[in-house]
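S.K.: Got a structure for you, questions after.
The values are calculated or read from the model by the stated rules, or taken from the named source; none is laboratory data. The shown structure was predicted, so the numbers you read here are calculated from the model rather than taken from an experiment. Cβ atoms come from the backbone with ideal geometry, glycine included; neighbour counts cover every protein chain shown. Heavy atoms of the whole protein, side chains included, go into the accessibility calculation; ligands, DNA and RNA do not. Shrake-Rupley method; radii C 1.70, N 1.55, O 1.52, S 1.80 Å.
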Amino acid sequence: MLILTMTNLEIAKLLRNVAASYEIKDENKFRFQIIAYKKAADAIQNSSSEVKDLFKEKKLSSLPGVGPSISSHLEELLKTGKVKHFEWVMQGIPKTVFPLLDVPTVGPKKAFRLTTELSLKNPETAVNDLKIAAVQGKIAKIEGFGEKSQADILRAISDFFLGKGKTTRMALPYAFEIAEKLVSYLKTHPSVIQAIQLGSLRRMMPTVGDIDIAVATSDPKSAIMHFINYPYKERIIEQGQESASILLSNGKQIDLMTQPPKKFGALLQHFTGSKNHNIKLREYALSKRLSLSEHGIKKEIANDEWKMKNYSKEEDFYKALGMDWIPPELREDTGEVELAIKHKLPKLVELPDVKGDLHIHSNFPIDPSHDLGKNSMKEMVARAEELKYEYLGFSEHNPSISKHTKGEIYNLISRRNAHIEQIKSHIKNVRIIKLLEIDILVNGSLAVDNKSLELLDGAIVSIHSSFGMNKESMTKRVLQGLSHPKAKILAHPTGRMLNQRPGYDLNFEKIFDFCKKYKKALEINSWPERLDLPDSIIKQAVQNEVKLIINTDSHSVSEMNLMRYGVAMARRGWAKKSDILNTLGYNEFIKWLKGGEL
DNA sequence: GCCGTTTTCGGCCCGACTGTTTTCAGTCG
């Protein structure tokens, strides 16, 4: 049997094309199929498991929005490479339509009309052909289009080619910086009573597309005028009575929404999202004859007669629906609404719960296999004291095995231990733990031998080479590495680098079983490009009662502040304080590290 | 086509903005 190697992204795109085809053919007749296909596409694109794996495990229907019909279509797709039903739906729709959907402001209807009116034939060059038509003034002549739409399409295409706008997502901390700068600019104007960043930023998504800002104002006209005059603006995307969007000179889009202070709670709720969370909330509200929007909650008092109620506080908005306030990190429609109704949301871990950081690279000259830290142990301990940590684990990379003999490695680690003992006498409030970040070699063995390992309180193990191994071999390699009694923590377990590489394949069911049985912990790495584990796997780990440790992987003092991002990932993965080992006090933590019962 | 605190049948979020229109369609979040 042929199992097609289509990625989730490719499959999601195909489903969106099916939805678009339905939309072109008869938007009303296929209304709910359109919604269903889009929803399934979202679920597949956001799924942490590959569709082809889910298919092999007969778990396709576990994806929310994938039911009997779509899952049988996906089966057919993976087995034969095509789907009869999809071909039927797409019949009569030129293939040239689909690439045009990637251009901002062009949806199914416009793409179809442009394709047919301009006789665009080649899907490979469709976007460029459209550009040529626009330059030649052919679009403005089409009925329903005009000079302005032609200019809009032309600009959208050039933005698309430049990679501007929606296609690029930036790392969370970078988005934070841009948003903070803009918020402080907004606050300089008297009409702006409050300005807050919302959307994916407030939900602490690992990457952020557009930056969303909410403003409380009694004078939206002035506030929006101030916003669109932002000095770093390249151009205005849209500007209305209560909202506006601008494009910054760095290619990032900022969306602004305003409401008067008495409605600000509803705006916070609306603009924090996610889209799916809001849809779930509104569907639930509707069942209680309530209608939700950024203006507040409308209640049906008589037949089709609605009365609007305002909310200045977000907490009151949720309360009015009969549910608990939901932390933004959970608002992804993954079960949080149902639990909020039952008042059974978990109490999530918080930054002040963290009692220590175990993944710290100092500049001690241990001649490591990978990069050395920039600051001294003393400097990093001083920062740990400021952060009110009880303990700090030094975990430089192991000495390079290509440059050193086993004996030399033993001596280097011994010297580091001696240095730690020496500085300990000057430290009052922080206990030092002697760790090392050790490579798991291709054959699963550790880059440090047993004798040298005895010098350590414990080891963090991780993959830094041969990322291309297949799922089973990589899983075997990792478990082999973790099986040494000193190996207690698996660092950055998926190896992903956001916007750079996807990370290697691991069988997490096996990893979870092993970790639970042998009391190993998985790291949540706070490094902005890593944020590894991903939130969806954290959630599974928590469900499987696997313990986690949030580390910064700091190579300098300033990076020790990154802990908040690791905590954010833990929260997005529904982790409680009790799931995170470095919320334990020193004695209990050491007991776990040395292999004792918890 | 999916799904369930009211349902295995009968529902399916809500509103802002733009351009080309004199009342709306398309797109977006």
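S.K.: How far is helix A:126-135 tilted, in degrees, relative to the longest principal axis of the Cα atoms in chain A, given as a value from 0 to 90 rounded to the nearest 10?
M.R.: 50 degrees
S.K.: How much length is gained on full extension from A:LEU162 to A:LYS594, taking 0.36 nm per residue of separation minus their Cα-Cα distance?
M.R.: Length gained, A:LEU162 through A:LYS594: 150.1 nm.
S.K.: Which trypsin sites (Lys or Arg not before Pro) from region A:1-41 combine a DSSP loop assignment with at most 10 other Cβ atoms within 10 Å?
M.R.: Answer in residue order: A:LYS29.
S.K.: For A:LYS275 and A:LYS121, what does the FRET efficiency come to when R0 = 35 Å and r is the distance between their Cβ atoms, rounded to the nearest 0.05?
M.R.: Computed FRET efficiency for A:LYS275 and A:LYS121 comes out at 0.50.
S.K.: Compute the accessible area per residue over chain A, keeping the other protein chains in place, probe 1.4 Å, unit Å².
M.R.: Computed with neighbouring chains in place, this is 46 Å² per residue.
S.K.: To the nearest 20 debye, what charge dipole does region A:442-505 have about its Cα centre, counting +1 at the Cβ of each Lys and Arg and -1 at the Cβ of each Asp and Glu?
M.R.: Charge dipole of region A:442-505: 160 debye, to the nearest 20.
S.K.: Then there is this: I need the peptides A:168-176, A:433-441 ranked by packing, meaning the mean over residues of other C-beta atoms within 10 angstrom, with the highest value on top. Don't skip to the end; give the middle numbers.
M.R.: On the way: A:168-176: 17.9, A:433-441: 23.2.
Most protected by this proxy first, the peptides run A:433-441, A:168-176.
S.K.: Quote the charge dipole size of chain A about the Cα centre in Debye, to the nearest 20; the model charges only the Cβ of Lys and Arg (+1) and of Asp and Glu (-1). Walk me through the numbers before you get to the answer.
M.R.: Working: 88 positive and 73 negative charges, 130 e Å.
Magnitude of the dipole: close to 620 debye.
S.K.: In square nanometres, what is the average projected area of the Cα convex hull of region A:275-326?
M.R.: Numbers: hull surface 14.3 nm².
For region A:275-326, the mean projected area of the Cα convex hull comes to 3.6 nm².
S.K.: Regarding chain A, what are the three Cα extents along the principal axes, ordered largest first, in Å?
M.R.: Ordered largest first, chain A gives principal extents of 81, 64, 49 Å.
S.K.: Enumerate the calculated ³J(HN,Hα) couplings along region A:443-460 in order (Karplus 6.51 cos²θ - 1.76 cosθ + 1.60, θ = phi - 60°), each rounded to whole Hz, writing x wherever the residue is Gly or Pro.
M.R.: Result, ordered by residue: 7, x, 7, 8, 6, 10, 7, 4, 4, 5, 4, 5, 6, 9, 6, x, 10, 9 Hz.
S.K.: Just to check I understand the Karplus step: with θ = phi - 60° and J = 6.51 cos²θ - 1.76 cosθ + 1.60, what whole-Hz values come out for region A:38-45, glycine and proline as x?
M.R.: 5, 5, 4, 4, 4, 4, 5, 5
S.K.: Ranked from highest to lowest mean number of other Cβ atoms within 10 Å per residue, what is the order of the peptides A:518-531, A:198-211?
M.R.: Going by the mean number of other Cβ atoms within 10 Å, highest first, we get A:518-531, A:198-211.
S.K.: Explain nothing, just compute: Karplus ³J(HN,Hα) = 6.51 cos²θ - 1.76 cosθ + 1.60, θ = phi - 60°, for every residue of region A:175-188 in order, whole Hz, x for Gly and Pro.
M.R.: 5, 4, 4, 4, 5, 5, 4, 5, 4, 5, 5, 4, 5, 6
S.K.: Here is a further query. Which value, in Å² rounded to 10, gives the accessible area of A:VAL18 with a 1.4 Å probe and all protein chains present?
M.R.: 0 Å²
S.K.: To continue, here is another question. Taking amide hydrogens as modeled 1.01 Å from N in the peptide plane, which residues meet the under 5 Å criterion relative to A:SER400, leaving out close sequence neighbours?
M.R.: It is A:SER369, by chain and number.
S.K.: Please find the FRET efficiency linking A:GLU385 to A:SER466, where r is the Cβ-Cβ separation and R0 is fixed at 56 Å, and quote it to the nearest 0.05.
M.R.: 0.90
S.K.: Peptides A:225-234, A:349-358: what's the order by average Cβ count within 10 Å, highest mean first?
M.R.: A:349-358, A:225-234
S.K.: Could you sort out which of A:LYS13/A:LYS275; A:LYS59/A:LYS95; A:LYS187/A:LYS263; A:LYS388/A:LYS519; A:LYS406/A:LYS476 sit more than 23 Å apart by Cα distance in this structure?
M.R.: In this structure, A:LYS59/A:LYS95; A:LYS388/A:LYS519; A:LYS406/A:LYS476 exceed 23 Å between Cα atoms.
S.K.: Against the longest principal axis of chain A, how steep is helix A:147-162, in degrees 0 to 90 to the nearest 10, with axes from Cα atoms?
M.R.: It is inclined by approximately 20 degrees.
S.K.: Probe radius 1.4 Å, ligands and nucleic acids ignored: give me the carbon and sulfur share of the accessible area of chain A as a rounded percent.
M.R.: 52 percent
S.K.: With charges only on Cβ, +1 for K and R and -1 for D and E, what is the dipole size of region A:275-326 about its Cα centre, in debye, rounded to 20?
M.R.: So the dipole magnitude of region A:275-326 works out to roughly 60 debye.
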